[in-house]
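Asker: Have a look at this one.
Bear in mind these aren't lab numbers, they're just calculated from the coordinates by the rules spelled out. Since the structure is predicted, the reported quantities are computational estimates derived from the model, not experimental observations. Cβ placement follows ideal geometry from the backbone for every residue including glycine, while neighbour counts extend to all protein chains displayed.
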Amino acid sequence: MYGAEVWQTPTREINKILSTEMDVLRRSTRKSRMERKRNEHMKEILGVKEKPDIIDIIERKRLQWYGHVKRMQEERLPKLIMEWLPGERRKRGRPRKTWMEGARSAMTTRHLEADQWLNRKQWRLGSGRRRQLSQDRMDGWKDGWIDRWMDGWMDGQIDR
C-alpha cells in the first residue's frame, strides 16, 4: 500500500476498503455470501483472525509518518506543510476531515498522547498497537446483546 500514510480516508471509503478486503477473503475460501457464513468464520478458516485488517495498517502507517515529520527540523518542507493552516474555508467537494484530524483520531483509538512522538521507540510501540475500537465492537457481540435482542424479537416482545 504505497503512499497510504498520506491518505485521508473518509468513513465511506473505509467501509468500501473493508468490504473489498472481506470479498477477497471470501473468494479465497471459495465461499459465497449466499452460504451466510460470518466474516469471523472466514478469517478463522484462513488463519488471519488475529492479524490486523487493512484499516489498522493504514492508520499505523499514518501514525509512523506523523511521528517522523514531527521529529524533523523546523525548516523542513514536510513539517511546514503539515503544520500549515489555510486561511480560508474549504471548497465544495473537499474532504470534511483533514489529514491531521484523521491522525488525531487514530492516536485516540490507540491511546497515544500528543507529545509521545518525542520518544521514537515508545511511539513505534504505540502506533503499532491495534485499534481498540474494533475490540469494543467485538465485545458487544461477545456479551450476547444481539442474541437477547433476537430472542425478544422472535417472542414478539420487540416490535418488528
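Asker: Starting with the fewest neighbours, write out Lys16, Lys61 ranked by other beta-carbon atoms found within 10 Å of each beta-carbon.
Answerer: Lys16, Lys61
Asker: Using per-residue counts of other Cβ atoms within 10 Å, averaged over each peptide, order 22-33, 102-113 from highest down. Working shown, then result.
Answerer: On the way: 22-33: 12.4, 102-113: 17.0.
Highest to lowest by the protection proxy: 102-113, 22-33.
Asker: If I take R0 = 25 Å and measure r between the Cβ atoms of Glu50 and Glu113 in this structure, what FRET efficiency does the formula 1/(1 + (r/R0)^6) give, to the nearest 0.05?
Answerer: Given R0 = 25 Å and the Cβ-Cβ separation, E is 0.40.
Asker: If I take every Cα pair under 8 Å that is 6 or more residues apart in the stretch 1-99, average their sequence separation and divide by the length, what percent do I get for the relative contact order?
Answerer: Relative contact order of the stretch 1-99: 42 percent.
Asker: Provide the gained length on full extension for the span Thr20 to Arg120, in nm with one decimal, where the gain is 0.36 nm per separating residue minus the Cα-Cα distance.
Answerer: 32.7 nm
Asker: For the stretch 4-129, just run the numbers: alpha carbon Rg, then divide by 2.2 N^0.38 Å, N being how many residues it has.
Answerer: So the Cα radius of gyration is 1.30 times the expected 2.2 N^0.38 Å.
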